Structures are given as C-alpha cells and as structure tokens.
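Structure first, then comments.
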Amino acid sequence: MLQPVDYLSPDVPEQLPWHDVPLVVATDESVTDYGCLVENPEDFEIEIVQWPAQGWRPIDAGTGDEGGVVEGIFHSEWKGDFLYGRNDAVNGHYILGWADNPGSATAGASATEPERVLLWHLNYHPDGGQMFYPMDNQPFVVPVALPGDDLGLEDIVAFWCDGSRGLYIHPGIWHEGVFPATAAQSFRDRQGRVHARVSCNVAQEFGVFLNVPLQPAISSPG
C-alpha cells in the first residue's frame, strides 16, 4: 500500500537541473481548456465527478456525487527561500517549493520580491474541480497541465493571474498550490470534499525541478 506523502519533508535531492516552465498570462481565452477565470466567488459552482462504477453495473442516477464541496483559506507564504502552503479546507500543510535548490535554500526573513518557485510536485483531483480566489487582489501563479497520467514536462505551463479575478480548474487538471507573486497571500479555496489526489513527484520521475517564474517578462522598448 502506498504511504502518505510527507509534504513538509519532500523526498527529493538537494540539487537538480531546472526545467523552465512557460509563464502564460491568464485570459478568458488562454485558460479555456483548463478551466475559467472567476469574477464572483460567492456563487461559483464546483464540478463534482460521479464515483466510478466498479464493474458493468452503472452507478444509480443521482448518487455517487453527493459529497459536496469544502471551502477554506489557502495560505501561501515565503520564509526565506522556502515557499510554504497551508490549505485549511483539507487540513493540508506543504513545502510547495524553493527559490533555490533545496541544498542551498536558507530560512529567514520572507522574500519581498520572489522571482521563481522551484517546484518538485504536481497533482490532480479526479473527484472535483478547484477554485482559487485572491483575497488581497494581488498577482499569483498556478502551474497546470491537461489531464492524463502520462504527464510530460512539455505539457506543463503556468498561468500568471493579475489578481483581479480568481482561477478555477476542472477535475483532472494537473496543478500545485497557488503561488503568490508577493511575500505572502491568502486565497479562498473551494474544492470537492472527497479530495482524492493523484501525485507526480517531478524530481523523482524526471530528474529536474520545475522552474516556475513569478513575474512576467517585461519587453524592452523597440
């Protein structure tokens, strides 16, 4: 039987090559295959996937999708070179990534202008979608990839959101926690209550850390 992952002590090497993840500005058009941008979190509905049948007999209509949703606050905070996440909705506490290789990362005062997250892990939820809505209206970043267990590095992108709207992702979309483009932020999180999670330890499977930029590149005047 698989053992629970210790997200506060990731099983990764102290140093690995970095794989650059493209940063894409989140617009209604760019996010359409992954989910949508959220104007009003109050009445936004989360998709819930019906429990799969075990054999040829189907799940009864109107059952298997009654677990509902759970809501809480997702906190993201830099402590030195460590980015920590805490999801009150599912009682999760994580090291999301680092600003430098883990062997060189140092704790201390919070970073004021983080440039990147070196990411070691991605996951998806087969039972329901998930909404992140910024409480401080500040920019944030979410790495994503389309559904499918045969994940490739070339499939991964990161959406940069300007903080004026939230981001919703469909069930089955690969992602990680939400990353602040400032020292710390909090987000309204709403997701399926079952909270099944399928994980990929990117560091172990691909031998790299994902280099996710937190600030969009600014073009020089032509």
Out of all the residues in region 117-126, is one or more closer than 16 Å to R190 by Cβ, aromatic (F, W, Y) and at pLDDT 95 or above?
no
D28 vs (1) modelled with pLDDT of 95 or more; (2) surrounded by 10 or more Cβ atoms within 10 Å (Cβ to Cβ): all pass except (2)
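Against the definition (over 29 Å from A99 (Cβ atoms) and charged (D, E, K, R)), how does D6 come out, yes or no?
Numbers: over 29 Å from A99 (Cβ atoms): no; charged (D, E, K, R): yes.
When the stated conditions are applied, D6 does not pass them.
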So, in region 88-120, how many residues would count as being under 30 Å from W51 (Cβ atoms) and buried (at least 22 other Cβ atoms within 10 Å of the Cβ)?
1
Residue by residue through region 173-201, note down the ones that are in contact with a Phe, Trp or Tyr (Cβ under 7 Å, 6 or more places away or on another chain) and farther than 26 Å from I46 by Cβ.
A183, N201
With the checklist (1) surrounded by 19 or more Cβ atoms within 10 Å (Cβ to Cβ); (2) outside any strand (DSSP E or B) in hand, flag the one item G85 doesn't pass.
(2)
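Given F179, F206, F159, which one is more than 18 Å from T32 (Cβ to Cβ) and surrounded by 20 or more Cβ atoms within 10 Å (Cβ to Cβ)? Break it down into steps so the answer makes sense when it comes.
Working: F206 fails: surrounded by 20 or more Cβ atoms within 10 Å (Cβ to Cβ); F159 fails: more than 18 Å from T32 (Cβ to Cβ).
Residue meeting the stated conditions: F179.
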(1) at pLDDT 95 or above; (2) small (G, A, S); (3) outside any helix (DSSP H, G or I): which one isn't true of A203, the others all being true?
(3)
Residues in region 57-101 that are small (G, A, S) and closer than 21 Å to Y7 by Cα total 8
Looking only at residues in region 121-152 that are in contact (Cβ under 8 Å) with a residue 60 or more places away in the chain and among the polar types (S, T, N, Q), which one is surrounded by the most Cβ atoms within 10 Å (Cβ to Cβ)?
Q130
Of the conditions (1) modelled with pLDDT under 95; (2) touching an Asp or Glu at 6+ places or on another chain (Cβ under 6 Å); (3) closer than 26 Å to F82 by Cβ, the single one that A145 does not satisfy is (1)
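When you look at P126, is it in contact with an Asp or Glu (Cβ under 7 Å, 6 or more places away or on another chain) and in a loop (DSSP other than H, G, I, E, B), yes or no?
For P126, the condition - in contact with an Asp or Glu (Cβ under 7 Å, 6 or more places away or on another chain) and in a loop (DSSP other than H, G, I, E, B) - is not met.
Can we say G35 is surrounded by 16 or more Cβ atoms within 10 Å (Cβ to Cβ), modelled with pLDDT of 95 or more and of a type in the set (G, A, S)?
yes
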I need the full set of residues from region 58-80 which are closer than 28 Å to G166 by Cβ, hydrophobic (A, V, I, L, M, F, W, C) and exposed (fewer than 14 other Cβ atoms within 10 Å of the Cβ), in order please.
I73
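With among the acidic types (D, E) and touching a residue at least 24 places away in the same chain (Cβ under 8 Å) as the only criterion, which of D155, D189 stands out? So that I can check it myself, show each step before the final result.
Details: D155 fails: touching a residue at least 24 places away in the same chain (Cβ under 8 Å).
Result: D189 is the single residue among D155, D189 that is among the acidic types (D, E) and touching a residue at least 24 places away in the same chain (Cβ under 8 Å).
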Would you mention how many residues in region 9-30 are within 19 Å of the chain's Cα centre (by Cα), under 17 Å from G103 (Cβ atoms) and not aliphatic (A, V, I, L, M)?
4
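The values are calculated or read from the model by the stated rules, or taken from the named source; none is laboratory data. Just so you know, these numbers come straight off a predicted model, no measurement behind them. Heads up, the Cβs are rebuilt from the backbone with ideal geometry, glycines too, and the neighbour counts pull from every protein chain shown.
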